[in-house]
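Down below is the structure, laid out as structure tokens.
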Ligand code: NDP
């Protein structure tokens, strides 16, 4: 039995990743802030839901403690929770993408390390973004998104590099990052373009189901190519 936690999994790419991992027999915990949507998603998939806010230490520790109590270990962590962010730099929300996409990844990973060490084949997958490698979604017709997209891209570059560095620091755990291209989810609703969440989830699933001797410290696009 493979015990998996996916952050940000009550919709979008995380939800589809959950669906695909359940299909190959994982026990999947969906982590997100919105309890109602999370419980509906868990019921729809026959998954489990844990409330989890990756920007809040207490919430992260309490979610992982619940998994520890129920399962005694964690085999796969998918760091997927992410937001685009919006607003001007002096507003309340501009830097939230950093706290969610980059610092949130560190919060969850650090808290999960003790549970991952109890696994025979511990694996961490980061859902970064093609925006972490190049300016993927710039749109001259939407200048109000210029700063949020710049901050989002930088937070995703950080997410990719944090994952590569984690792989070096923890050789007994596999850490790999995926940089999917633009995907049609709520996050990109303002842009209205992209591949399907099912397509983007496939590469996440491939890295979440590696054998114990599989690669670590890689970052790849949705075709398995190194994007930089
Ligand atoms: P969605 O907006 O559909 O889903 C985002 C998920 O993250 C939701 O489940 C949301 O649930 C959760 N979330 C947001 N903030 C937090 C938080 N603080 N703590 C816990 N969960 C949180 O977006 P996508 O599915 O598109 O995005 C998923 C990941 O994929 C993100 O990291 C995104 O950057 C990345 N990505 C997206 C691409 C795209 O084009 N859509 C392309 C490449 C990468 P809740 O609000 O209930 O917490």
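A few notes on this one:
- Test result for residue 145, modelled with pLDDT under 95, under 17 Å from the mean Cα position of the chain (by Cα) and within 17 Å of residue 182 (Cα to Cα): no
- Restricted to region 1-90, the set of helices (runs of 4 or more DSSP H) holding at least 1 residues that are at pLDDT 95 or above and near the ligand (Cβ under 7 Å from one of its atoms) comprises 12-23, 35-45.
- Positions within region 195-212 being within 12 Å of the ligand (Cβ to nearest atom) and in a helix (DSSP H, G or I), in sequence order: 197, 198, 199, 200, 201, 203, 204
- Candidate set from region 152-194 (those that are surrounded by fewer than 16 Cβ atoms within 10 Å (Cβ to Cβ), within 12 Å of the ligand (Cβ to nearest atom) and without any contact (Cβ under 8 Å) to a residue 40 or more places away in the chain); member that is nearest to residue 14 (Cα to Cα): 189
Residues are listed down the side, and each one gets a yes or a no for (1) under 28 Å from residue 3 (Cβ atoms); (2) within 16 Å of the chain's Cα centre (by Cα):
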| site | (1), (2) |
| --- | --- |
| 70 | yes, no |
| 84 | no, yes |
| 91 | no, no |
| 94 | no, no |
| 107 | yes, yes |
| 124 | yes, yes |
| 130 | no, yes |
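- Candidate set: region 84-103, residues that are crowded, with 20+ Cβ neighbours inside 10 Å and in contact with a helix residue (DSSP H, G or I) (Cβ under 6 Å, 6 or more places away or on another chain); chosen: the one nearest to residue 164 (Cα to Cα): 102
The values are calculated or read from the model by the stated rules, or taken from the named source; none is laboratory data. All values derive from a computational prediction rather than experimental measurement. Methodologically, a virtual Cβ is constructed for each residue, glycine included, from the backbone with ideal geometry; neighbour enumeration extends over all protein chains shown.
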